[in-house]
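Below is one structure, written out as structure tokens; comments come after it.
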């Protein structure tokens, strides 16, 4: 599934190589030459993952990673650190700053794409193309098809994204505000009742197979996707 990836790299040739390969892989690419440019882009649109060079002009990649982890809005964005430093102590320092992975230059585009997939699968499974099945409800991000006990369940695009997020984060309660950020994007400004409208539509779409009961309303909190159908 296409993701928005921010490449923070001050060497134009490397930035171009990375960006072209990410675009070929189907990702939307944002580019920044330093931490200040990166902050401006992040304020406008929250990326799904950040490729962050260690050695940047001005603020270093390490300090930027720490800043991102300290901010409530950006603390959960997956970060992959790019660096020419290969000593174990440097890798440890990079990971302790908040990076999810660490790639030493030079690296192949194929390795980079594989690392990105691995980090997204671990940190943001709703952005992967993995097929999911829970209690007889199956969702395939590649074919954009949902089935319940083998029967096709047509969903609108927003309901599909909402269900995908729920199925990749089962048994967790999400507020309406959190769902707006995760499913619609934090740069989109909508009323929280928009979530209720799409929850109703999603439940109705799942009714034919009896899977509407997997979406629970948690009074005073929000919604939860459970892995067991109500008895």
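What the table below lists for this structure:
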{"item": "Among (1) modelled with pLDDT of 90 or more; (2) over 30 Å from residue 142 (Cα atoms) - the single one residue 55 does not satisfy", "result": "(1)"}
{"item": "From the options 25, 44, 99, 70, residue that is surrounded by fewer than 21 Cβ atoms within 10 Å (Cβ to Cβ), within 26 Å of residue 129 (Cβ to Cβ) and under 19 Å from the mean Cα position of the chain (by Cα)", "result": "25"}
{"item": "Residue that is farthest from residue 226 (Cα to Cα), among those in the stretch 166-177 that are more than 17 Å from the chain's Cα centre (by Cα) and outside any helix (DSSP H, G or I)", "result": "175"}
{"item": "Residue tally, condition over 16 Å from residue 80 (Cα atoms) and part of a loop (DSSP other than H, G, I, E, B), over the stretch 34-52", "result": "1"}
{"item": "Any pair with Cβ under 6 angstrom, 6 or more apart, that starts in the stretch 148-160 at a residue that is farther than 9 Å from residue 201 by Cβ and ends at one that is assigned to a loop (DSSP other than H, G, I, E, B)", "result": "149/136"}
{"item": "Of all residues in the stretch 116-138 being outside any helix (DSSP H, G or I) and under 17 Å from the mean Cα position of the chain (by Cα), the one that is nearest to residue 199 (Cα to Cα)", "result": "132"}
{"item": "Members of the stretch 1-18 that are under 20 Å from residue 118 (Cβ atoms), touching a strand residue (DSSP E or B) at 6+ places or on another chain (Cβ under 9 Å) and surrounded by fewer than 20 Cβ atoms within 10 Å (Cβ to Cβ)", "result": "2, 4"}
{"item": "For residue 163: the one exception among (1) surrounded by 12 or more Cβ atoms within 10 Å (Cβ to Cβ); (2) modelled with pLDDT under 90; (3) under 17 Å from the mean Cα position of the chain (by Cα)", "result": "(2)"}
{"item": "Residues that are in a helix (DSSP H, G or I) and in contact with a helix residue (DSSP H, G or I) (Cβ under 8 Å, 6 or more places away or on another chain), drawn from the stretch 139-165", "result": "158, 159, 161, 162, 163, 164, 165"}
{"item": "Verdict on residue 153 being in the same structural domain as residue 213 (by TED's automatic domain parsing), more than 16 Å from residue 47 (Cα to Cα), buried (at least 20 other Cβ atoms within 10 Å of the Cβ) and out of contact with any strand residue (DSSP E or B) (no Cβ under 7 Å at 6 or more places or on another chain)", "result": "no"}
{"item": "Selection count, the stretch 183-201, where residues are crowded, with 18+ Cβ neighbours inside 10 Å and either modelled with pLDDT under 90 or more than 21 Å from the chain's Cα centre (by Cα) (or both)", "result": "1"}
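Quick grid of which residues meet (1) at pLDDT 90 or above; (2) surrounded by fewer than 19 Cβ atoms within 10 Å (Cβ to Cβ); (3) at negative phi:
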residue: 148; (1), (2), (3): yes, no, yes
residue: 158; (1), (2), (3): yes, yes, yes
residue: 167; (1), (2), (3): yes, no, yes
residue: 173; (1), (2), (3): yes, yes, yes
residue: 181; (1), (2), (3): no, yes, yes
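The values are calculated or read from the model by the stated rules, or taken from the named source; none is laboratory data. Quick caveat, the model's predicted, so the values are computed rather than measured. Positions of Cβ are backbone-derived with ideal geometry, glycine not excepted, and every protein chain shown enters the neighbour counts.
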